[in-house]
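This report refers to the structure that appears directly beneath it.
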Amino acid sequence: MNPKPLQGVVDNDLLDATWFYEVADSFAVMNPATGEDFAWVPDASAADASVAVAAAAAEFPRWSGLAARERAKVLFRWADLLLEHRADLGALLSYEQGKPVAEAIGEIEYSASYVQWFAEEATRLYGDTIPAPASSKRIFVTKQAVGVVTVITPWNFPMAMLARKAVAALAAGCTLVAKPAQETPLSAFALHRLAVRAGLSAAAFAVVAGTASAAIGEVLTQHQAVAKFSFTGSTRVGRLLAAQCASTVKRVSLELGGNAPFIVFADADIEAALDGLMLAKFRNAGQTCVCANRVLVDAAIADEFTERLAARVSALRVGPAFTDDGSADDVQIGPLIHERAATGLRELLSRAVADGARLVGAEAVQGDGAWLHPCVVADVRNDSELAQSELFGPVAPVIRFRNEAEALTLANATEYGLAAYLYSRDIGRCLRVAEGLQFGMVGINDGAISNAAAPFGGMKQSGYGREGSKYGLDDYVETKYLSIGGI
Ligand code: NAD
């Protein structure tokens, strides 16, 4: 790897993407803010992925055989190393993904919080005893690691999406092979390097990055030695990969796309709702699966709310994460991941305007290349292309509703079911609406819902399985029961 701009900024060892196999070719990593390639990493093939799976299978008996406390010690060291390196890991992440440095450092801390959480959970993998149907019998229930796990992760949170899968698998006693998104392999390699430095063997957690996504994906979803596959990414790709897993009957977890409604009732604390919306909509330039995708506002306050939202949006500082001299800049919105994403959104916005929607604020559709100025769109219909698409960008469509029942109907009118938000001062309304929302996570007067203690995951076309919390280990363990007779 040759990441010149980062030399001297990032610990050199973390930039070393080689592991236990030798890879002939390499591929480039681009900085989305400049469009320049700045690093080259080994381009793994499907054969390399098979080697990694075989190595993970060979390592499984040793890692799963350790006492839970021994595994936890390694994981705690890993969390400490992540926190020690939060500044250079943040720079690395920001360079390959484009988000502001403060947000990137926040992602490292968020990742470390999952590593700490599962280091603790590793020691609490309890079983059960069950009253037996005969006095001469006993029934014990145990939890055992499922075996080798494979994971594929997206580019939008390249450290966190991988860390929370990897650490849950490792805490349960599994070994794993991970394929990060081609756009953002550096954070995955750095995470791997720190795991090895913390005491994990390289085979227990391997990273296979490559341009041959489909071929690598076939190995990770179809290899006989793999017990479980966990995916975070788009619904389209998730469906395909889940189907590939069917032939070998693998366990599957899918964290897929979202289309979160952000409902603001007329009785809400408007200032708090705006604070929550700015967080839920514009973090990572709107490239977040739990991102507010549709802002549903009571018609009685819609005009005032839209104006106040537009004023806040036009004040956002947009720009590259680093200044020309290489120091971190105090920006709030970076570029989108690539030009293709921004062009797609610009075209979607043009079609929405032609369809009767209204851009609020003069600078609404601006930006070249991967840059798109954040904007608010009023007079949007819930059944329009704009409202039904997962936007994945800094675009806030505002949709009006007349009453609570209509708000709930509109909110649920999407194929997705990941996150939803609602703002109201009426506790009864909050609970009624939250119970009616067909989403795996609901923020009530809260725009920042994700943390290691809570179960993260979706319903409907947003997938199944939960990450984080006490439920997060369930996907990585078998429930086995022992029936003991002759007592
Ligand atoms: P994507 O589905 O295009 O890619 C995700 C991963 O799958 C990448 O590593 C990619 O290389 C790989 N991939 C793509 N095609 C493949 C194939 N045929 N075989 C094997 N691997 C393949 O998604 P993306 O654009 O990287 O990420 C954005 C999407 O991820 C959004 O839909 C977002 O909502 C979703 N996401 C969901 C969550 C969640 O927790 N639910 C979290 C973050 C992102």
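Between the amide H of Val252 and those of Phe229, distances stay under 5 Å, these residues lying 5 or more places away or on another chain, with hydrogens modeled in the peptide plane. Rounded to the nearest 20 debye, the dipole magnitude of the range 38-142 is 740 debye, with +1 charges on Lys and Arg beta carbons, -1 on Asp and Glu beta carbons, and the Cα centre as origin. For Ile130 and Asp325, the FRET efficiency from 1/(1 + (r/R0)^6), where r spans their Cβ atoms and R0 equals 60 Å, is about 0.35.
Add +1 for every Lys or Arg and -1 for every Asp or Glu among the other residues with Cβ under 12 Å from the Cβ of Met278, and state the total. Summing Lys/Arg as +1 and Asp/Glu as -1 gives +2. Taking the charge dipole of the chain about its Cα centre, with +1 at Lys and Arg Cβ atoms and -1 at Asp and Glu Cβ atoms, the residue from Gly443, Ala172, Leu345 reaching farthest to the positive side is Ala172. Subtracting the Cα-Cα distance of Arg62 and Arg358 from 0.36 nm times their residue separation leaves 100.5 nm of extension gain. The ranking of Val41, Val433 from fewest to most other beta carbons within 10 Å of each one's beta carbon is Val433, Val41.
Of the cross-linked pairs Lys228/Lys480; Lys99/Lys228; Lys179/Lys250; Lys165/Lys281, those separated by over 26 Å at the C-alpha level are Lys99/Lys228. Along the Cα→Cβ direction, 7 angstrom out, place labels at Glu70 and Arg197. What is the inter-label distance in nm? That separation, rounded to one decimal, is 2.4 nm. As a calculated quantity, the FRET efficiency between Ala272 and Ala87 at R0 = 35 Å, using C-beta atoms, amounts to about 0.65. Between the amide H of Ala292 and those of Lys281, distances stay under 5 Å, these residues lying 5 or more places away or on another chain, with hydrogens modeled in the peptide plane. Name all residues of the range 313-329 having a backbone nitrogen under 11 Å from the label point set 7 Å from the Cα of Glu36 along its Cα→Cβ direction, giving them as ranges. Within reach of a label on Glu36, which here means backbone N under 11 Å from a point 7 Å along Cα→Cβ, the range 313-329 contributes 324-326.
Gln97 sits among other residues whose Cβ lies under 13 Å from its own Cβ, and their net charge, with Lys and Arg +1 and Asp and Glu -1, is -2. Footprinting exposure proxy ranking of Met441, Met159, Met459, Met30, fewest other C-beta atoms within 10 angstrom first, gives Met459, Met30, Met441, Met159. If one takes the longest principal axis of the Cα atoms in the chain, at what angle in degrees, from 0 to 90 and to the nearest 10, does the Cα axis of helix 213-222 lie? Roughly 50 degrees, rounded to the nearest 10. Highest-first packing order for the peptide set 402-410, 178-186 is 178-186, 402-410, based on the mean count of other beta carbon atoms within 10 Å.
Helical runs assigned H by DSSP (4 residues or longer) give the chain a calculated mean residue ellipticity at 222 nm of -12000 deg cm²/dmol, each run adding -39500 (n - 2.57) before division by the residue total. Using Cβ point charges alone (K and R +1, D and E -1), the dipole size of the chain about the Cα centre works out to roughly 1940 debye. With the charge dipole of the range 35-134 set up from +1 on Lys and Arg Cβ and -1 on Asp and Glu Cβ about the Cα centre, the Cα lying farthest toward the positive end among the listed residues Ala39, Leu89, Ser113 is that of Ser113.
Label zone of Thr123 (point 7 Å out along Cα→Cβ, amide N under 20 Å): in the range 74-88 this covers 74-83.
Under the simplified labelling scheme, the Thr142-Arg432 pair shows an inter-label distance of 5.2 nm, with each label point 7 Å from Cα along Cα→Cβ. If the segment from Ala47 to Arg425 were pulled out straight at 0.36 nm per residue, it would be longer than the present Cα-Cα gap by 130.4 nm. Extension gain, Glu385-Ser26: 0.36 nm per intervening residue step, less the Cα-Cα distance, totals 125.4 nm. Amide H to amide H distances under 5 Å link Val207 with Ala178, where only residues 5 or more positions off or on other chains count and H is placed in the peptide plane. In the chain, the longest principal axis of the Cα atoms and the axis of helix 46-65 are about 60 degrees apart. Remark: the range 187-200, residue by residue, has Karplus-estimated 3J(HN,Hα) of 4, 5, 5, 5, 4, 5, 4, 5, 4, 5, 5, 6, x, 7 Hz, where x stands for each Gly or Pro and the curve is 6.51 cos²θ - 1.76 cosθ + 1.60 at θ = phi - 60°.
Ordering Phe118, Phe60 from the fewest to the most neighbouring beta carbons within 10 Å gives Phe60, Phe118.
Here, each number is a calculation from the coordinates, and none is a lab measurement. All of these numbers come straight from a predicted model, not from anything done at the bench. Every residue, glycine as well, gets a Cβ built from its backbone with ideal geometry; the counts of neighbours run over all protein chains shown.
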